[in-house]
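I have placed the structure first, in the form of structure tokens, so that the comments after it can refer back to it.
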Amino acid sequence: VQLQASGGGLVQAGGSLRLSCVDSGRTFSSYAMAWFRQAPGKEREFVTAISWSGGRTYYVDSVKGRFTISRDNAKNTVYLQMKSLKPEDTGVYYCAANKRFTDYDIPGGYDYWGQGTQVTVSS
């Protein structure tokens with residue numbers, strides 16, 4: 001599993017961004033996927049997760065109704081559509097993968113990580 005995240009950038013509050021995370025491996029559909037974020041001086045925080053087939057999704061309360069996770073197993077890609085962005089959404093966003101889907105909301109629940117993409121929301 002090799003994850004490459006992209007799509008970050010600078011956006012005004014209320015704007016939208018779509019992040020992508022591509023897995024260059026051949027077993028993408030065997031992995032549950034997640035997005036975490038980390039703001040300066042803060043711990044890495046769970047944002048959302050999706051099961052292997054996409055049938056189950058979970059979100060942290062602060063992004064419910066604004067963010068949507070999805071995956072395209074044919075393209076080995078997981079997406080994070082972010083709308084109505086707020087300054088508190090600012091941070092480095094990381095995608096993560098793991099074959100298990102148990103501890104989906106903690107960093108320790110994932111074995112593989114992408115390099116991160118910066119999202120900055122200005123007020």
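Numbers for the structure displayed
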quantity: Complete set of residues in the stretch 60-81 that are of a type in the set (Ser, Thr, Tyr) and surrounded by fewer than 19 Cβ atoms within 10 Å (Cβ to Cβ); calculated: 62, 68, 70, 77
quantity: Residue under evaluation residue 27, criteria (1) surrounded by fewer than 22 Cβ atoms within 10 Å (Cβ to Cβ); (2) β-branched (Val, Ile, Thr); (3) at pLDDT 95 or above, criterion not met; calculated: (3)
quantity: Of all residues in the stretch 82-96 being within 19 Å of residue 20 (Cβ to Cβ) and charged (D, E, K, R), the one that is least open to solvent (accessible area, probe 1.4 Å); calculated: 89
quantity: Matching strands (runs of 3 or more DSSP E) fully within the stretch 24-123 where at least 1 residues are among the hydroxyl-bearing types (Ser, Thr, Tyr) and either in contact with a His (Cβ under 7 Å, 6 or more places away or on another chain) or over 25 Å from residue 12 (Cα atoms) (or both); calculated: 57-59, 77-82
quantity: Counted residues, the stretch 76-96 - those being in contact with a Ser or Thr (Cβ under 9 Å, 6 or more places away or on another chain) and closer than 19 Å to residue 1 by Cβ; calculated: 8
quantity: Positions within the stretch 32-41 being open to solvent by 20 Å² or more (accessible area, probe 1.4 Å) and out of contact with any Lys or Arg (no Cβ under 6 Å at 6 or more places or on another chain), in sequence order; calculated: 39, 40, 41
quantity: Test for residue 100: is it in contact with a helix residue (DSSP H, G or I) (Cβ under 6 Å, 6 or more places away or on another chain), touching a residue at least 40 places away in the same chain (Cβ under 8 Å) and open to solvent by 40 Å² or more (accessible area, probe 1.4 Å); calculated: no
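The values are calculated or read from the model by the stated rules, or taken from the named source; none is laboratory data. Fair warning: this is a prediction, and the values are worked out from it, not measured in the lab. Note that we place each Cβ from the backbone using ideal geometry, even for glycine, and neighbour counts take in every protein chain shown. Only protein heavy atoms, including side chains, enter the accessible area calculation; ligands, DNA and RNA are left aside. Shrake-Rupley method; radii C 1.70, N 1.55, O 1.52, S 1.80 Å.
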